[in-house]
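The structure under discussion appears below in the form of structure tokens.
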Amino acid sequence: MKTSLRYALIAIAVCPATALTQQQKITPPIAVYWMSIDTTSGLPMGGMGGGGGGPSAMDIGRMMLGGGMDGGPNRTMLLELGSQRSASGTPAAAHEIPAGLKLGASLPLETPQRQRAEPREDGMPENFEKPRGRMLIFWGCGEQAGPGQPYVIDFARVAQGEVPQGLISRRVNVQRGPSASRSKTYGDWPNQRDGKRVPGDASLLGEHQVKGNYSPDIKFALADKYEFMEPVNLAMAKSGGGIRMSWNSVANANGYFTTAMGGKDGTEDVVFWSSSNSREFGDQLLNWLPPGEVARLIKERVVMPTSTTECVVPAQFVAAAPAAFVRFIAYGEEANFVHPPRPKDPNVVWNQEWAAKVRLKSTAATMLGEEGMGGGGSRSRSGGGAQSGGGAQQGGGSSTPNPADAVQEGVKALKGLFGF
């Protein structure tokens, strides 16, 4: 008996605690619903693609080539419902919204009728062209760029199959939401049936309910910090040879990140800069990120903490890209709901019926430059609206180079590098 007891104690001592703990079995939800919320200011940034990606370089190119100006700020919502059920008949679903949203009683979630494009034989996106020139990458806040800058990518060598080493130094947990490709039935808003603009005084707070013929009923409530975020107000001024960018402290923000991309007349160089303390291409960071991921990136000095309200873009970047486009993000809160609640008994299977996520951010876009001299921030003035110098003349009367060509060239290069 004593020998058996001794062996039992030894077994308990050497076995990990997890091996002795009953793991609860979980079945994934039948339906997943996401609300992706953004407050945008400055230059218009284009639409939010399916899956909830941040404003893309392609959006920038479209805007520069005729997207027009808009007196921000704006509030936007992307609503996505994905279900593993097939619809009984024609797919139909709607989001019943609180009166404070001022968009009526409900918003229809339409199932898009997409034509699937035939892939190219070489695997590249349609209309892809091999990029020319180089990409120069700068990083960090300060009047002077740090050592080892710029990091140079020769597009000709990339086209020959050479993969740049160390371009992205860390993985970022970019979330993947509902989509038509990952669901038996899918619906979203805005859509062709209903694309109403969200009023500037709209509110998310209150009861929300989603009903459809291909998903369980989804019901949750939003309060307090899950409201539309404040707009980001950017201002700029010269700082040595660089540009000092400053912004307001945004309520309920968890961190900040900013990038700039542009070029110079007479060159084919695409020049990129990010506020990260280390080399980060950063396009994947212009997205909704969960608060835990933001906290990790702040510790790694990739994302700026909310105590930071200014950053100097280095002189070397400004000289290489006198015409540059700035994108800024304030990461917001995230609410998650699952029904039914998790059983306390680990022996009981957690059969999830639905899961809902509400994620928030506030973004701004503008031209880089000294305020009132072709760059200009998006700091709000009296009378509403936002100022931008996207087509302004600089001091001596010569026109500011349009960075659209450089940005488009960068888009082509990125498609080749990352396969999107």
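The values are calculated or read from the model by the stated rules, or taken from the named source; none is laboratory data. These numbers come from a predicted model, not from an experiment. Positions of Cβ are generated from backbone atoms using ideal geometry, with glycine treated the same way; all protein chains shown enter the neighbour counts.
As a summary of the residue check, ARG182 satisfies the conditions (1) modelled with pLDDT under 95; (2) more than 21 Å from the chain's Cα centre (by Cα); (3) closer than 30 Å to ASN351 by Cα except for the one numbered (2). Criterion applied to LYS196, LYS211, LYS225 was being exposed (fewer than 15 other Cβ atoms within 10 Å of the Cβ), in contact with an Asp or Glu (Cβ under 9 Å, 6 or more places away or on another chain) and either of a type in the set (D, E, K, R) or without any contact (Cβ under 8 Å) to a residue 12 or more places away in the chain (or both), and the one residue passing it is LYS225. Of the listed requirements (1) in contact with a Leu (Cβ under 9 Å, 6 or more places away or on another chain); (2) modelled with pLDDT of 85 or more; (3) buried (at least 18 other Cβ atoms within 10 Å of the Cβ), VAL158 misses just one: (2). A single entry from SER83, SER41 fulfils the requirement of being crowded, with 16+ Cβ neighbours inside 10 Å, modelled with pLDDT of 95 or more and farther than 19 Å from GLY195 by Cα: SER83.
Among the residues of segment 306-355, those that are surrounded by 20 or more Cβ atoms within 10 Å (Cβ to Cβ) and in a helix (DSSP H, G or I) comprise GLN316, PHE317, VAL318, ALA320. The number of residues in segment 331-351 that are within 30 Å of TYR256 (Cα to Cα) and either more than 29 Å from the chain's Cα centre (by Cα) or not aliphatic (A, V, I, L, M) (or both) comes to 6.
Considering every residue within segment 283-295, establish whether at least one is crowded, with 18+ Cβ neighbours inside 10 Å and touching a Leu at 6+ places or on another chain (Cβ under 6 Å). No; the residues of segment 283-295 include none that is crowded, with 18+ Cβ neighbours inside 10 Å and touching a Leu at 6+ places or on another chain (Cβ under 6 Å).
Residues that are in contact with a strand residue (DSSP E or B) (Cβ under 6 Å, 6 or more places away or on another chain), of a type in the set (D, E, K, R) and under 16 Å from ALA31 (Cβ atoms) within segment 179-197 comprise just one, ASP188. Highlighted here are the strands (runs of 3 or more DSSP E) found entirely within segment 166-270 that include at least 2 residues which are under 30 Å from CYS141 (Cα atoms): 234-239, 242-247, 255-263.
In the set (1) at pLDDT below 95; (2) within 24 Å of the chain's Cα centre (by Cα); (3) surrounded by fewer than 20 Cβ atoms within 10 Å (Cβ to Cβ); (4) under 20 Å from CYS311 (Cα atoms), SER249 fails one condition alone, (1). Checking segment 282-302 against the condition returns no match, with no residue being assigned to a loop (DSSP other than H, G, I, E, B), farther than 30 Å from ASP201 by Cα and among the polar types (S, T, N, Q).
Taking the criterion of being assigned to a strand (DSSP E or B), modelled with pLDDT of 95 or more and not β-branched (Val, Ile, Thr), would at least one residue in segment 118-136 satisfy it? Scanning segment 118-136 turns up no residue that is assigned to a strand (DSSP E or B), modelled with pLDDT of 95 or more and not β-branched (Val, Ile, Thr).
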